[in-house]
1. What would the Debye formula give as log10 I(q)/I(0) at q = 0.07, 0.10, 0.11, 0.12 Å⁻¹ for the alpha-carbon point model of chain A, no solvent?
2. Over the Cα atoms of the stretch A:222-359, what radius of gyration and what Dmax do you get, in Å?
3. Take the Cα pairs of the stretch A:47-204, get the Kirkwood Rh, then feed it into Stokes-Einstein at 20 °C and 1.002 mPa s and tell me D in µm²/s.
4. Excluding residues fewer than 8 places away in the same chain, name every one of the lysines whose C-alpha is closer than 26 Å to that of B:LYS186.
5. Where both partners of a DSSP beta bridge lie in the protein assembly as shown, what percent of those bridges are antiparallel, to the nearest 5?
6. For chain B, with a Gaussian network of springs between Cα atoms less than 10 Å apart, report the residue from B:THR235, B:THR221, B:THR65 with the top mean-square fluctuation.
7. Go ahead and run the numbers for FRET between A:ALA238 and A:ILE28, Cβ-Cβ distance against an R0 of 45 Å, rounding to 0.05.
8. Considering only A:PHE267, B:SER240, A:LEU150, whose Cα is most displaced toward the positive end of the charge dipole of the protein assembly as shown, charges sitting on Cβ of Lys, Arg (+1) and Asp, Glu (-1)?
Amino acid sequence: MITLVKRPMPSRFWSFTTPVLAVIATMIAGGVLFAILGKDPVAAIKVIFYDPLFGPNAAYFRGQLLVKAGPLILIAAGLAVGFRAGIWNIGAEGQYIIGALAGASVALAAFPAESHWLFPAMVVAGALGGWIWGMIPAVLRVLFGTSEILVSLMLVYVAQSFLAWAAFGPLKNPEGYGFPGSRNLQQYPSAHNPELIAGTGMHWGVVAAFVAVIATYVLMSRHIAGFRIRVAGEAPRAARFAGVLPAKLVMFCLGLSGALAGLAGMFEVAGPSGQITDSFNAGYGFTAIIVAFLGRLNAIGILLAGLLMALTYIGGDMAQLMLGLPTAAIQVFQGMLLFFLLGFDLLTQYRLRVGKGSK
Amino acid sequence: MDRRSFLKTTAATATLAAVGLPVAAADPIKIGFIYVGPVGDMGWSYQHDVARREMETALGGKVVTSFIENVPEGPDAERALTQLALEGNQLIFATSFGFMDATVNVAAKFPNVKFEHATGYKRAENLATYDARFYEGRAVQGTIAGRMTKTNKIGYIGSFPIPEVIQGINAAYIHAKKVNPDVEIKVVWAYSWFDPAKEADAAAALIAEGCDFILQHTDSTAPQAKAQEAGTVFTFGQASDMEAFKPSPRISSTIDNWAPYYIKRAQALVDGNWKSEGTWGGIGTGMVGIGEITSAVPAEVKAEAEALIAKISDGSYHPFTGPLKKQDGSDWLAEGKTPEDAELAGLNFFVEGISAEMPK
């Protein structure tokens, strides 16, 4: 008989160990899955986790790792701040879209003028767009007590409709033969967010992600605001006595995570993606939720988790190509990662006691 | 491994080596594909994958192929294409419109690798484009629907308001109207190429409005299933034959048949005379296939449809032949005139008589 005993304090040891355990368990369960599909499990795991980093074409894939991880980390860093306070922004995908639309609109309105001010203006517009989209659930929650989880999630679908409308309507490339999609910002030097050093994958969005990691780390561990956020999440009543205003906190957290998601979208549309299309959003906003939890809502953890998640994407594509693994199997594999993480999480809150259960 | 299977394997290897060695040619050429959907979508990506396999068989050992499926359009496509190029693929097919800019970027980085982009319009020295005249199939569908409809209402599930889809709606309407002046066409936009739930909703809405024909420019069989439930509604297979719904509701189909083109292009690569060009194939070249017209279609309608297929196929008839006016009543094509391919490729208006509004 195994019983669970709640720990008086969450275990520090387990909170660092469970992500590693989850990755190992995912590798084992994933290996079993791949074996059932008739593929060599060891080869598959090697292709996914080893080849992108150290394989024959690793020089290219290491750069792509940053391209893929950049937006995930930038979004997750913001989300984690809110999650620590018990404020659940599920709609980063929508904020990402609106940020991209705002940034691209500024660029396309200025086209074809060249100016050094254009890119900074796009950055501001992107952050502002995401911030506004994040503030809608914040204001509704403060004024009417609506659930920010539902409102932020529903706003993703509204944002997607906006995106389709923009791609087919006002932002459509007038020289695109009637095809949907905006001009490609990669061909507009003032608006382009280029690779800063050729072949590294490093662009301003990746730089912003690193800055966000450092800033949220400092905020959460060295700053009074971070202390208030943590208290609000862990002991809401105590926080109220300590004078933490829930309304202010809700607006701060949703505004911050919205702005960072908006920035991520803006850097993406000006850089790797290049254009607004109806399928521009690739699910970064949702995947970032997994990244935030995988990283233990901790800035440094998120940095590592974002890179790991990006690795499974890039390695997953390689496994498809080299081993013929179906994409669904790769998606199951990625899903397992979150499943095992949440499962093992039990160990940080509870102690396992083997033996007779005392009623 | 037990002894017996060991012996068998060894014997087989020895035989293979003995037979294979004298004719051992150069290593097979690697050809790669990226698909926007899963190969199991039974529509667009599935048809490309069928053609890939046919190509591999047809070129018997001279080429080997690999593919990446479910590739999102945008930077992920760029990475997938780069990956294929880095893996040593000599010819890479990017099989969705949304891969266009990614393919252009990667083609510029790998001047020695050949690229082929489906349904796009940007070409380069090492980047060819290919597309099918799906509107030719729509003309056939419009003729059958116009003749057979009892409610005089034809439903059309559009994916996106882009030229390829608009060509199809226009061609279907023009030919339905030609045989039935009272016919109306109702358009619902799914804003997706493949979304069974949305397609089912769209079909249900069109049936509720009294349409007894559903034409679809989306790839799932959900509209077929809805039509089957309704019982009195007919459909056409889209992209693949959708033969599971024969003989009714599916009474014919437009089949994307990429295999002849893929075989031709791979052969050209093997022979060393691959050139970048734009191909727009139709019924005549076999790129657009018309699936069996079933027994649910009256014999005289079937004969009329087959005559139309023959005329389109030998080039004696163009589905867009004037006089034709635009939706706003202004002139488009004068008597007997046909449009240039370049104009068709950018078609962004409905013809006169269609009441549906073009989404903005």
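Each value in this text was obtained by applying a stated rule to the coordinates, not by laboratory testing. None of these values were measured; they are calculated from a predicted model. Cβ atoms come from the backbone with ideal geometry, glycine included; neighbour counts cover every protein chain shown.
1. Relative scattering, expressed as log10 I(q)/I(0), comes to -0.33, -0.67, -0.80, -0.94.
2. Rg then Dmax for the stretch A:222-359, in Å: 19.9, 62.
3. For these conditions, the coefficient is 121 µm²/s.
4. Here the lysines satisfying the reach criterion relative to B:LYS186 are A:LYS172, B:LYS150, B:LYS153, B:LYS177, B:LYS178, B:LYS198, B:LYS226, B:LYS246, B:LYS302, B:LYS325, B:LYS326, B:LYS360.
5. Beta bridges within the protein assembly as shown, antiparallel portion: roughly 25 percent.
6. Checking each option, the largest mean-square fluctuation is seen for B:THR65.
7. Details: r = 41 Å, r/R0 = 0.92.
So the FRET efficiency works out to roughly 0.65.
8. A:LEU150
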